[in-house]
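We did not get these values from a lab; they are worked out from the coordinates using the rules stated. Just so you know, these numbers come straight off a predicted model, no measurement behind them. Backbone-built Cβ (ideal geometry, glycine too); neighbour counts: all protein chains shown.
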């Protein structure tokens with residue numbers, strides 16, 4: 001079955017410049033797309049016995065962020081406060097404000113006593129540790 | 001003669017390579033007052049040294065580089081956003097005072113003040129009564 005792309009001549013045949021231009025145009029992705037899943041957007045990945053979570057929370061103070069862990073459930077909540085006075089004239093307003101909360105069920109139970117959180121340049125980084133029973137155990141094979 | 005041309009070519013500054021990886025359009029709030037415009041932009045992961053703000057031909061441009069935080073081949077359980085540079089331009093029709101532009105980056109949030117030129121400010125006219 002021919003793929004859709006095969007039906008069209010490759011963009012490079014129109015010239016490398018156009019090709020690059022098109023590439024760049026698609027690279028500039030509006031951040032609003034990412035907000036459809038809720039605020040904040042999360043990136044979660046596994047690293048051995050740890051689970052790392054990253055969230056972009058610009059302009060939010062550390063004391064306004066709550067992180068809680070219950071079993072395999074992780075909740076990141078808090079409030080992003082508005083920076084201006086009520087009578088402000090907005091020419092453009094795109095950034096979400098107000099209370100936010102996201103709960104994610106992870107594939108492993110998390111050790112609630114072993115959670116590290118840091119906030120740097122508006123990026124919240126969490127390092128969670130899988131609970132003892134969920135960790136991979138190496139089995140020695142006797143010969 | 002050929003040698004001179006060769007030398008000229010060699011001294012021409014090579015175009016600066018654009019930073020690798022994707023670029024994103026940052027979310028921006030703009031507040032207008034009689035004194036000027038205040039831009040608030042979300043630039044997560046950006047350090048002050050990696051931020052470029054320029055004003056030229058009535059266009060204000062915000063550009064920022066962000067180093068990847070994870071290796072390229074990182075596998076994710078949940079992957080809702082990409083990490084990359086930011087770029088956005090605004091055309092400001094109102095005459096502004098470019099020398100008075102101030103910028104502050106705190107916790108990934110850029111606060112940029114662009115003052116209006118004196119000629120663009122609203123003046124209240126006092127009306128005399130007898």
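As a footprinting exposure proxy, order A:77, A:101 by other Cβ within 10 Å, with the fewest listed first.
Starting with the residue having the fewest Cβ neighbours, the order is A:101, A:77.
Give me the distance between the Cα centres of region A:89-135 and region B:42-86, rounded to whole Å.
Value for the Cα centre distance between the two parts: 20 Å.
Starting from the Cα of residue B:67, step 7 Å toward the Cβ, then list every residue of region B:39-56 with an amide N under 18 Å from that point.
Hits in region B:39-56 for residue B:67 at 18 Å: B:44-52.
Counting other C-beta atoms within 10 Å, which of A:49, B:130 has the fewest, and how do the rest follow?
B:130, A:49
Sorted from fewest to most neighbouring beta carbons within 10 Å, what does the list A:108, A:90 look like?
By the 10 Å Cβ count, ascending: A:90, A:108.
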